[in-house]
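Structure, as structure tokens:
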Amino acid sequence: MIKQAIIPLAGLGTRLLPLTSVIPKELLPINGKPGLEYILEECYQSGIKEVILIISKKKKSIKDYFYNDAFYKKLIKNKGDKRLKLEYKKILKFKKMVKFVYQNTPAGTGDAVLKCRKLIKSKYFLMLMPDDLIINKNCSKSLINLHRKYKSSVIASKKVKKSDVSRWGIFKAKKLNRKNFLIKDVVEKPRISSAPSNYAVIGRYILPKKIFNVLKSQKRGKNGEIHITDSIRTLILAKNKFIGHIFAGKYLDCGTMSGYINSTLKISRL
Ligand code: G1P
């Protein structure tokens, strides 16, 4: 059973400056609530019991967001506001789920994940990238079901424009059926000329615990960072089974300014 999830949140958020010079991008509101809440709700609804949030000292306000009990209690007592009570209840629900781990020097997603190695208990865990919002259908839940069916690792995927492949991890795929494929290889942000397909890695992964052993000796890759993609590649080439799943929900890229603005517009029209 997959009961634990990891969310790397220690990135600098440079694509969303100047907002992110004072507010962590994951707390920026999307249609009135922080992007992070959408991701936590997805975890909760898919049966996850513990979410490990990887933050940095600079992003301590993410932790504060869940630890404002005194503030809420005082306001609720004075105002008796119904909306406030519901919000507080929601925050408490998330507070019970979250744990914090620190990555103070941003050295890539792989390095962030490695910080959680002592906390992961079972053979597989879920990882979610906070920039990738998926609405209308719970993508994590679909991946967990597929993990049960194929008894393997699973990664969400989406076909992207050929001209955009260098923004993503890209799969080499062997089709199994309409929505799923066997991953034969994966390359982090390839050039158009060397991309093995236009099936992109989207930020929902079910990964095996043994990836920590690979990560321990993972060399720095693209832009000097330690990429989770490179460790996944090592596992695939060592014949570990990884399934790619073309998810059904609607994808919203919140990691760029135009994508972030667009996501609020899209969600507000639901
Ligand atoms: C990361 C991964 C990349 C993946 C992407 C999905 O990139 O390294 O393989 O395609 O998330 O959002 P980042 O968005 O951190 O540049």
Q: Please sort by residue number the trypsin sites (Lys or Arg not before Pro) in the range 24-79 whose DSSP state is loop and whose Cβ has at most 15 other Cβ atoms within 10 Å.
A: 49
Q. Suppose R0 equals 51 Å; then what is the FRET efficiency for residue 1 and residue 193 from their Cβ-Cβ distance, rounded to the nearest 0.05?
A. 0.75
Q) To the nearest 0.05, how large is the calculated FRET efficiency for residue 121 and residue 84 if R₀ is 35 Å and r is the Cβ-Cβ distance? A) 0.45
Q. At 222 nm, what helix-only mean residue ellipticity would the chain give, in deg cm²/dmol to the nearest 500, using -39500 (n - 2.57) for each DSSP H run of four or more?
A. -10000 deg cm²/dmol
**Q.** Segment residue 266-residue 17, extension gain: residue separation times 0.36 nm, minus the distance between their alpha carbons
**A.** 87.5 nm
**Q.** Among 9, 153, 56 the positive-end extreme of the charge dipole of the chain (Cβ point charges)
**A.** 153
Q. If you keep only loop residues by DSSP, which trypsin sites (Lys or Arg not before Pro) in the range 123-173 have at most 15 other Cβ atoms within 10 Å of their Cβ?
A. 123, 137, 151, 161
Q. How big is the accessible area of residue 217 in square angstrom, nearest 10, if you roll a 1.4 angstrom probe over the protein chains?
A. 90
Q: Determine the relative contact order of the range 1-125: mean sequence separation of Cα pairs under 8 Å and six or more apart, normalised by residue count, in whole percent.
A: 37
Q. If you rank 100, 125 by how much accessible surface each has, with a 1.4 Å probe, what is the order from largest down?
A. 100, 125
Q | Across 58/118; 96/158; 174/222; 141/219; 3/90; 74/250, pairs whose alpha-carbon gap is larger than 28 Å | A | 96/158; 141/219; 74/250
Q: Would you give the gap between the C-alpha center of the range 107-135 and the C-alpha center of the range 48-83, rounded to a whole Å?
A: 22
Q | Relative contact order (%) - criterion: Cα under 8 Å, at least six apart; region: the range 160-244 | A | 34
Q | trypsin sites (Lys or Arg not before Pro) within the range 214-250, DSSP loop, no more than 12 other Cβ atoms inside 10 Å | A | 219, 239
Q) What FRET efficiency would be calculated for the residue pair residue 136, residue 178, taking the C-beta separation as r and a Förster radius of 25 Å, to the nearest 0.05? A) 0.85
(Q) Below 8 Å, C-alpha to C-alpha, sequence gap of six or more: please give me the relative contact order for the chain in percent. (A) 24
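The values are calculated or read from the model by the stated rules, or taken from the named source; none is laboratory data. What you are looking at is a predicted structure, and each value in this text was computed from that prediction instead of being measured. Please note: Cβ atoms are built from the backbone with ideal geometry, for glycine as well, and neighbour counts cover all protein chains shown. With ligands, DNA and RNA removed, areas are computed over all heavy atoms of the protein, side chains included. Shrake-Rupley method; radii C 1.70, N 1.55, O 1.52, S 1.80 Å.
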